[in-house]
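> If you scroll down you'll find the structure; I have some questions about it.
The values are calculated or read from the model by the stated rules, or taken from the named source; none is laboratory data. All figures in this text were calculated on a predicted structure; none of them were measured in a lab. Here the Cβ is made from the backbone with ideal geometry for all residues, glycine too, and neighbour counts use every protein chain on show. Heads up: the accessible areas ignore ligands, DNA and RNA and are worked out on the full protein's heavy atoms, side chains in. Shrake-Rupley method; radii C 1.70, N 1.55, O 1.52, S 1.80 Å.
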Amino acid sequence: PSETGRVLSIQSHTVQGYVGNKSAVFPLQLLGYDVDPINSVQFSNHTGYPSFKGQVLDGKQLWDLIEGLAGNDLLYYTHLLTGYIGSVSFLNTVLQVVERLRSINPGLIYVCDPVMGDEGKLYVPPELVSVYREKVVPVASMLTPNQFEAEQLTGLKITSERDGLEACNILHAAGPKKVVITSLHLNGTLLLIGSHQKEKDHPPEQFKIAIPKIPTYFTGTGDLTTALLLGWSNKYPDNLEIASELAVSSLQALLQRTVSDYLKAGFDPQTSSLEIRLIQSQDDIKNPQIKYKAEKF
Ligand code: ATP
Ligand code: PLP
Ligand code: MG
Ligand code: NA
Ligand code: MG
């Protein structure tokens, strides 16, 4: 498989460290994609540090960039990728971007990571939830919520694999053909659940991948997961299972390298703020060894 494309990626930028575009652009480039980043914020570092400084792009400034590209006929994209979005006005402008890009390429694939919160807590303004649910989900081609985000989008409380699959069904009915719940924490285990509805009104193909939990808190891994899922699912458009196995396998190799490099440098990975070892893991991104297998439901 060698399908590539041109990706417009609207995400955060940090000067130091790897979240948002900093964790998505390089891997997509390694997988052969042209990637055009729009930085929705430019911060010194990610918000998990004790402090940060920087600037936030507003909806009008996003639209200016789109108009600038349009003025030179530069709005042909195969993919749009979005991650953390901090305000309703910016999210509404993203919706206008989807419409504009689809008027130029009706086949545009919109990969949406509906970043709203984690572990029971919202970290975006609560007004964003209904905009995602009512306006964004219906136009997304692939959605990559975590457990909490899937609950917010469906109104379902997810406490079992069955609930996870049901949430995917509800999301398919609202729009996206591909749904990946990127992390589900169920009685001590970490799971990814994937669901591909190949034809409208047909039952989706569904699977899970069990992931061994590393006792460390990473940042940037959600953004990297979605980027890898975009990259691989475009190369295997009819096989979300293989795409997910490749994405998970790359990520786990990178996380193991991250932990072992921090240990070697004398840091305690359970208490330090870890930055993922993205650049050092480029072989694992280009040529992942599949070590984590999908199990069909
Ligand atoms: P979003 O960015 O949409 O909120 P998310 O909450 O799923 O997504 P993460 O919690 O970073 O993002 O998880 C994404 C992936 O990163 C998981 O599928 C898993 O493979 C990997 N991952 C993250 N943390 C760990 C960990 N401590 N141990 C093992 N894998 C992890
Ligand atoms: N974007 C910014 C600016 C952040 O500060 C963070 C986390 O602190 C993220 C994104 C989150 O990335 P992820 O969900 O991939 O861990
Ligand atoms: Mg998470
Ligand atoms: Na996610
Ligand atoms: Mg996240």
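> So for the stretch 162-285, what percent of the C-alpha to C-alpha distances run longer than 20 Å?
Of all Cα-Cα pairs in the stretch 162-285, 48 percent lie more than 20 Å apart.
> Okay, moving on. Stokes-Einstein diffusion coefficient for the chain at 20 °C in a medium of 1.002 mPa s, Rh from the Kirkwood formula over Cα pairs: what value in µm²/s?
Calculated translational D: 111 µm²/s.
> If you place +1 on the Cβ of every Lys and Arg, -1 on the Cβ of every Asp and Glu, and leave all else neutral, what size is the dipole of the chain about its Cα centre, to the nearest 20 Debye?
280
> Also: Can you tell me which of 92-103, 133-144 comes out highest on packing, and rank the rest after it, using the mean Cβ neighbours within 10 Å?
133-144, 92-103
> In a GNM of the chain with a 10 Å cut-off on Cα contacts, which of L74, L192, L278 has the highest mean-square fluctuation?
Result: L74 has the largest fluctuation of those listed.
> Put one equal scatterer on each alpha carbon of the stretch 1-79, apply the Debye formula with no solvent term, and list log10 I(q)/I(0) at q = 0.19, 0.20 1/Å to two decimals.
Scattering profile of the stretch 1-79, log10 relative to I(0): -0.88, -0.93.
> Right, here's the next one. Would you please put 157-166, 249-258, 226-235 in order of how densely packed they are, using the mean number of other Cβ atoms within 10 angstrom per residue and starting with the highest?
Highest mean packing first, the order is 226-235, 249-258, 157-166.
> In addition: Counting only protein heavy atoms and a 1.4 Å probe, tell me what percentage of the chain's accessible area is made up of carbon and sulfur.
Result for the chain: 51 percent of the exposed heavy-atom area is carbon or sulfur.
> If you don't mind, another one. For the stretch 68-149, take the convex hull of the Cα atoms, compute a quarter of its surface area, and give me that in nm², please.
For the stretch 68-149, the mean projected area of the Cα convex hull comes to 5.3 nm².
> Which of W63, T93, N187 sits closest to the plus end of the dipole of the chain, meaning its Cα is farthest towards the positive end, when Lys and Arg get +1 and Asp and Glu get -1 on the C-beta?
Of the options given, the answer is N187.
> While we're on this one: For a quick check of your reading of the filter: which GluC sites (Glu not before Pro) in the stretch 179-287 sit in a DSSP loop and have no more than 10 other Cβ atoms within 10 Å?
Passing sites in the stretch 179-287 are E199.
> Here's a follow-up. If you wrap a convex hull around the Cα atoms of the stretch 180-246, how much volume per residue is inside, in Å³?
It is 91 Å³ per residue.
> OK, next. Between V35 and residues 5 or more places away or on another chain, which pairs have amide H atoms under 5 Å apart, with H built 1.01 Å from N, and which residues are they?
Distant-sequence amide H within range of V35: V7.
> Still on this structure, I have one more. Holding the Cα-Cα limit at 31 Å, pick out from K60/K200; K60/K286; K198/K286 the pairs that are longer than that.
Beyond 31 Å between Cα atoms: K60/K200; K60/K286.
> Ignoring ligands, DNA and RNA, what accessible area per residue does the stretch 66-188 give at 1.4 Å, in Å²?
Accessible area per residue: 41 Å².
> What list of ³J(HN,Hα) couplings, whole Hz, do you get for the stretch 173-179 from phi and the Karplus terms 6.51, -1.76, 1.60, once you set θ to phi - 60° and write x for glycine and proline?
4, 7, x, x, 6, 10, 10
> Also, quick follow-up: Two decimals, Cα atoms only, Kirkwood Rh: what is Rg/Rh over the stretch 109-184?
The Rg/Rh ratio comes out at 0.92.
> For the charge dipole of the stretch 1-117, defined by +1 on Lys and Arg C-beta atoms and -1 on Asp and Glu C-beta atoms about the Cα centroid, which residue among L28, F52, L108 has the Cα displaced farthest towards the positive pole?
The Cα lying farthest towards the positive end belongs to F52.
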